[in-house]
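Everything on this sheet refers to the single structure shown next.
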Amino acid sequence: MPSSRASAGFGPRKAYLIAYNALSAVSWAVLLNRVVGLLLTDGASAVSPAVERFARITQTFAAMEILHALTGVVPAPLFTTVMQVASRLVLVWGISHPFPGLNASPWYSSMLIAWSITEVVRYTFFTLKQVDAVPEHLEWMRYSGFLVLYPVGISSEVAMIVRAFLGPAEGLHEYYPWVLAAILVTYIPGSVILYSHMLKQRRKYIGGASKPAAAAVRAAKKAQ
């Protein structure tokens, strides 16, 4: 049940953020369920024909987060938000959409699974945060899951771009491989920046490597 503090501050902005985050969480959960189900029953080659369009629309919808950061609807850093959203838009619009043959690779499935788990946790966290109802285990997952999911997701993204660079990219345009090469170079500093940002967030909000440590940090904050 929402606290009086959450209820007192309820307005159009909060209602919008609840709706946006809840819809996003459901969309990514549907995608995750479909990808895992297809992998288990029919293999990686069956994933793309069934989910590519839905994955592309779902990720494109996340471009709203750039607008949110730009307008101050949420206190998110604009630079890291643009980096993360833009890199994914490159994957769904610049790799998997024009080169559907690449999507039969397990790299495509692992990329979608890493994205989906990350976003289900993140959007659920932000939905419940609007009503001050975030359970401790969800907070821990929000600021710990990236330790595994980011390397899996980034590795999968890079593998997809490399496969396009070495394969069909030149057929789209003679300069397209060079564009992809430039994008690959940005992954070196970009990955470090995003991972460092999340490590800083983790230290800020849970302060340690385990749920007991997170609980201790919260208790210390309440005692202050």
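Please sort through the DSSP H helices of the chain and keep those with an alpha-carbon extent of at least 27 Å along the long axis and a Kyte-Doolittle average not below 0.0.
Values: long enough: 12-42 (44 Å, 0.83); 106-129 (34 Å, 0.50); 146-166 (29 Å, 1.69); 176-205 (41 Å, 0.38).
The qualifying helices are 12-42, 106-129, 146-166, 176-205.
Between Phe61 and Ala133, the FRET efficiency estimated from the beta carbon spacing at R0 = 25 angstrom works out to 0.55.
Would the range 24-64 count as rounded, prolate or oblate if I go by the C-alpha gyration tensor, calling it rounded below 1.5 in a/c and otherwise prolate when a/b exceeds b/c, oblate otherwise? Oblate.
Going from the fewest other Cβ atoms within 10 Å to the most, the residues His97, His173, His68 appear in the order His173, His97, His68.
Only Lys, Arg, Asp and Glu count, each charged at its Cβ (+1, +1, -1, -1), so figure out the dipole size of the chain about its Cα centre, rounded to 20 debye. Please report the intermediate quantities before stating the final value.
Values: 19 positive and 10 negative charges, 220 e Å.
Magnitude of the dipole: close to 1060 debye.
Given their separation in residues at 0.36 nm each and the Cα-Cα distance between them, Trp93 and Ser155 gain 20.5 nm when the chain is fully extended.
Here each label is just a point 7 Å from Cα along the line to Cβ, and for Tyr205 and Ala19 those points are 2.4 nm apart. GNM remark for the chain: springs join alpha carbons under 10 Å apart, and the peak mean-square fluctuation among Tyr123, Tyr205, Tyr20 falls on Tyr205.
Coordinate-derived values only; no laboratory data. As the structure is a computational prediction, the values presented were derived from the model and not from experiment. Glycine also receives a Cβ, built like all others from the backbone with ideal geometry; neighbour counts cover every protein chain displayed.
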